[in-house]
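The block underneath contains the structure these notes are about, expressed in structure tokens.
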Amino acid sequence: MLRLVLILTLFLAVPARAQQEQIVAGMSQNRVAIDATFVGSEILVFGAVKRERPAPDSELGVVVVIEGPTQAITVRRKDRRFGIWINTDEVRVSNVPSFYAVATSGVFDDVVNEEANARRLVSIDEAIWILDRPDIADEQAFVDAVIRIREEADLYTLKESSIDLNQETLFSTAVQLPSNLVEGLYTARIYLTRNGNIVSDHISYVSVQKVGLERWLYNLAHDQPLWYGLLSLAIAIIAGYGASTAFRMFSRG
């Protein structure tokens, strides 16, 4: 009987603890339109921590992750052989986000511990993984190459201590979106941590779409590639003929 009472007590206590702190969040925009004048954008992520009881004494942390559509890519390594550069190894890297931005309220390793990071795939290096290749000894080098290239293009960012946390209740941060965004549905995840452990999370979505002429050309290229190719060829011919005619007129003058 005593064992049954203890089990029921633990069962009832788990939901109460899980809901002790909840995230109430919003974003300045949930739709980004890409047109001919698009040079990037900014999303303001803000929110508050809702509590049913006084805050625990442990240290509070907040992490914001915005992730773009994922895809699998092939990464090749080149080595110099017999005086020329050739592809020697290639690895299929799976689940590669087109965009990945992480913002934290403190130093990343202090806000999210290693176990929580590995379990929830919070950091950039944890979010990317390689399809099994036992013949490649240094698989991580290929992941590092993907991260390095996309960091240089401002597609992968880590902004530590960039979240303003006020009295362990209100938080806000601004995430920069570059001009070379991939169209699709972006996921915005917010994590609340205590002593490095994730205690609550919240998920929102941001739609990134081409509009206007860019939308029409994108649809034409994917839905009717033949007509897109003919249109491109016609534009190239007209532009070349116009440039040639203008050059001859200026030469005669």
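The values are calculated or read from the model by the stated rules, or taken from the named source; none is laboratory data. These figures come from a predicted structure and were not determined experimentally. Glycine gets a Cβ as well: all are built from the backbone with ideal geometry, and neighbour counts include every protein chain shown.
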Could you list, in sequence order, all residues of region 102-120 that are under 16 Å from Lys159 (Cβ atoms) and either among the acidic types (Asp, Glu) or in contact with a Cys (Cβ under 6 Å, 6 or more places away or on another chain) (or both)?
-> Asp109, Asp110
Can you spot a residue in region 40-54 that is surrounded by 15 or more Cβ atoms within 10 Å (Cβ to Cβ) and touching a helix residue (DSSP H, G or I) at 6+ places or on another chain (Cβ under 8 Å)?
-> no
With respect to the numbered conditions (1) over 30 Å from Thr169 (Cα atoms); (2) at pLDDT 90 or above, which one is the sole condition not fulfilled by Glu42?
-> (1)
Can you tell me how many residues in region 105-141 are modelled with pLDDT under 80 and either in contact with a Leu (Cβ under 9 Å, 6 or more places away or on another chain) or not polar (S, T, N, Q) (or both)?
-> 11
Wholly within region 135-210, which strands (runs of 3 or more DSSP E) include no fewer than the required count, namely at least 1 residues that are among the basic types (Lys, Arg) and more than 26 Å from Asn30 (Cβ to Cβ)?
-> 184-194
Since Leu230 meets every condition but one in (1) loosely packed, with under 14 Cβ neighbours inside 10 Å; (2) modelled with pLDDT of 75 or more, which condition does it not meet?
-> (2)
Does Val93 qualify as being surrounded by 14 or more Cβ atoms within 10 Å (Cβ to Cβ) and over 21 Å from Pro178 (Cα atoms)?
-> yes
Pick from region 23-39, criterion loosely packed, with under 13 Cβ neighbours inside 10 Å and of a type in the set (A, V, I, L, M), ranking: nearest to the chain's Cα centre (by Cα) = Val39
Out of Thr74, Thr9, Thr88, Thr37, report the one residue that is outside the structural domain of His202 (by TED's automatic domain parsing), among the polar types (S, T, N, Q) and at pLDDT below 85.
-> Thr9
Pairs only if they're at least six apart or on different chains, beta carbon under 7 angstrom, first in region 92-118 and free of Cβ contacts under 8 Å to residues at least 12 places away in the same chain, second of a type in the set (Asp, Glu); list them, first residue then second.
-> Asn117/Glu126; Ala118/Glu126
